[in-house]
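Before any comments, here is the structure.
The values are calculated or read from the model by the stated rules, or taken from the named source; none is laboratory data. This one's a predicted model, so the numbers in the text were calculated from it and none came from an experiment. A quick note on method: Cβ atoms are made from the backbone with ideal geometry, for glycine too, and the neighbour counts reach across all protein chains shown.
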Amino acid sequence: MKYLAQALFIYDEQSDYLLEQVKNNAFNTEITAVEKNVFLNDPLEYLISASHLLVSGSMQSINQLLEFACRHSANGQQCSLAFLPLESQNLLSRAYRLSESVADNIEIALRDDTKAINLLECNGQLFQFKAVVGQIPLLESLHSDSSAGAFIKNILLGIKQFFRLSMNKISIETEKGKQIKSVASGVFIVNQNRKSHLLGNLHHSSSMRSDKLLLVVISPYSAIEYFLFLLSLISHINKENTLPHGVSNIQSSQIQLSFEALDGKVPQVKLDEINTTTFPLHFQVIKNAVKINAADEFWELNPLLVTDKEVIRTDNLPDEKERIKYLNQSLPFFSFASEDRFKDLFLQLRSDAKIDSLYIVLMLLSTLLALLGLFANSVAVVIGAMLLAPLMSPIISNAMGLLRGDEKLISQSMKKIALGVSLTLLASSILTLLLPQMELSYEIKARIHPNLIDLGVAVLSGIAAAYSKSHRELLNNLAGVAIAVALVPPLATAGIGLGRGELYIFEGAFLLFVTNLFGIMVAAVLTFQFLGFSNTVKSKKRVLLIFTILALLSYPLYRSYTDSLQRFQLTESLLNKQIIINEKPLIIETASVKYQNNKQIINITIVLKKALNNEELQLLKEKLKQRFSSRHETRVSIKYLL
């Protein structure tokens, strides 16, 4: 590697500690050290001896010297730069791929191998890294050289701005006359390579040696989407050649940007760390602005890119109809659904809320099929009844009615739900009366003790159902949702309880159905809101009532869950336990806890070698009574080993 014979070291009060190390370099380069202000007062005096500047100091000093070198080179005079970053200047180090070692950076700076880079200019003012216009909360905090205290302060300020995020009118015109009008919370313009921390993988052809600048428009449809955008920057989870929703980019040699804040305030403009407020903003690339020394990795990441083609990717910007929704209010927490999705879904939900003969026939068929499957203990038949049942549709329609405050939709869907419930209970109870000899199968017993897990299934099913309904391409998945939540089998089981006159069966099964009904409804309301079909819940009182009912249901579900857990723990504690009766060892081989006639039955099988007499049997009975509470009924089977 060939090194320079002479160079100037330009420093300020923050970097004077490097004087000795730079002068005593190991590359036989003669260094003339000059304080920054002294140099700028009469630069020609020093440039006679050397035209390569080693620059170190505050970012303000570096920017001043960079601008000087750029203007000097523009006049046809030779001047090149190299940077010696301070420890706190991580952004500068990352941009030029410099080392944490001062010695390594001095070696790079003194190489006789300078190459030209392009810089960006805004209204005549140069900047190296980024310009930020408008509101992009937290972005500045994530990508700056702030101290720990300033970083925390910026994070707190960013969080405050995040919840006050608003949209602004923007107008963009490229060098070739392409005009874009939309709304955005903010934009940023960058001059960095594709692996920069700022950009992640939002673009794929940017370079500090590109003849195109990159303007990224941040136009989230909701605060949630903005959060996801930040997450994509931090985690680099965005796929190749795609942009996050609500993010667009434009690449052109020159861009004119107008920005109008809705609150009348002048939008903030920051060029690197320097504030400016002059509008409109005219950005352009200064080609071959200055020659620099940088690490080998920097040149690899910043190839020479020259093209006549402009890149305009604005599909993610709100269209004319959507722009109107954002202009008179702050950015909603949840996004607005598009007009096409909104129209199609509402037509479908209104149709789903109407009672017709097909609904009645399907409800009766699914009820009879479910009942026979329950009595026959056939999982396949019960699943068939789940697939056939049309009860999910009016529940989802009612959820949208609650969200939008649509009284007609609420009324129609509730009537349809009530009719379906009545038909199922009536048909299943009558058929049970006609089949009095049928015993309670496992499939029936499995639906009379719901717990918190069933509530979780209902909530997740409601989310899945609402999401599937709002995306036409996912409608086929509703069958899977219907199987997961199982609305008709619990109702049919409740009808069996009515037909047999056994209230505990009706109570347990109907509790499961009500849990599914309200769990689906609440989850669907919130999912539709998240998907942007309404910014707020219009029928707040009704939804609050449903939440209250769910909260009240949670108590018996919790009790049922704890009972189930206790039964499991009891069973585990009994297995393989040894009981000694008059020095005779008795081993508990099997143990199970079941419900029968709403009472817990403990079935135990004991293995022993010698028979027990009446006195020993009485002792065994007393020991078991001591172990179990009076609300348990204990049944013991004895096996003898020969």
- Message: If I filter segment 286-315 down to residues being of a type in the set (Lys, Arg) and more than 34 Å from the chain's Cα centre (by Cα), which single residue comes out as nearest to Leu66 (Cα to Cα)?
- Response: Lys291
- Item | Test result for Ala418, crowded, with 19+ Cβ neighbours inside 10 Å, of a type in the set (Gly, Ala, Ser) and assigned by TED's automatic domain parsing to the domain that holds Leu531 | no
- Task: Name every residue in segment 201-230 that is more than 20 Å from Arg313 (Cβ to Cβ) and modelled with pLDDT under 75, in order of residue number.
- Result: Ser222, Ala223, Ile224
- Message: Can you tell me which condition Ala385 does not meet? The list is (1) under 19 Å from Leu345 (Cβ atoms); (2) crowded, with 23+ Cβ neighbours inside 10 Å, and all the others hold.
- Response: (1)
- Item | Residue check for Leu157: at pLDDT below 70 and surrounded by fewer than 17 Cβ atoms within 10 Å (Cβ to Cβ) | yes
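Conditions tested, residue by residue: (1) of a type outside the set (Asp, Glu); (2) modelled with pLDDT of 75 or more; (3) assigned to a strand (DSSP E or B).
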{"position": "Lys265", "(1), (2), (3)": "yes, no, no"}
{"position": "Phe283", "(1), (2), (3)": "yes, yes, yes"}
{"position": "Thr307", "(1), (2), (3)": "yes, yes, no"}
{"position": "Glu322", "(1), (2), (3)": "no, no, no"}
- Message: It is to be established whether one or more residues within segment 505-522 are under 23 Å from Ala370 (Cβ atoms), of a type in the set (Phe, Trp, Tyr), at pLDDT 80 or above and under 26 Å from the mean Cα position of the chain (by Cα).
- Response: yes
- Task: Take Phe533 and decide whether it is surrounded by 15 or more Cβ atoms within 10 Å (Cβ to Cβ) and within 30 Å of the chain's Cα centre (by Cα).
- Result: yes
- Task: Please enumerate the residues belonging to segment 105-137 that are touching a Ser or Thr at 6+ places or on another chain (Cβ under 6 Å) and in a helix (DSSP H, G or I).
- Result: Asn105
- Message: If a residue counts only when it is outside the structural domain of Asn191 (by TED's automatic domain parsing), crowded, with 20+ Cβ neighbours inside 10 Å and touching a residue at least 40 places away in the same chain (Cβ under 8 Å), which strands (runs of 3 or more DSSP E) contained entirely in segment 1-104 have at least 2 such residues?
- Response: 6-11, 52-55, 80-83
- Message: Six or more apart or on different chains, Cβ atoms under 6 Å: show the pairs whose first residue is in segment 530-546 and part of a helix (DSSP H, G or I) and whose second is at pLDDT below 85 and surrounded by 19 or more Cβ atoms within 10 Å (Cβ to Cβ).
- Response: Phe530/Phe334
- Mind checking which residues of segment 547-583 are without any contact (Cβ under 8 Å) to a residue 12 or more places away in the chain and within 30 Å of Asn613 (Cβ to Cβ)? Ser573, Lys577, Gln578, Ile580, Glu583
- Message: Within segment 389-400, does at least one residue satisfy the condition of being crowded, with 17+ Cβ neighbours inside 10 Å and within 24 Å of Arg500 (Cβ to Cβ)?
- Response: yes
- Can you name the condition, by its number, that Asn123 falls short on among (1) polar (S, T, N, Q); (2) more than 20 Å from Phe9 (Cβ to Cβ); (3) surrounded by 19 or more Cβ atoms within 10 Å (Cβ to Cβ)? (3)
- Quickly run through segment 624-637 and pick out the residues that are at pLDDT 75 or above and closer than 11 Å to Ile579 by Cβ. Val636
- Wholly enclosed helices (runs of 4 or more DSSP H) of segment 363-479 bearing at least 2 residues more than 20 Å from Phe528 (Cα to Cα), in contact (Cβ under 8 Å) with a residue 40 or more places away in the chain and within 37 Å of the chain's Cα centre (by Cα): 379-388, 407-434, 452-470
- Query: Of the conditions (1) modelled with pLDDT under 70; (2) exposed (fewer than 12 other Cβ atoms within 10 Å of the Cβ); (3) at positive phi, Asn598 fails just one. Which one is it?
  - Reply: (2)
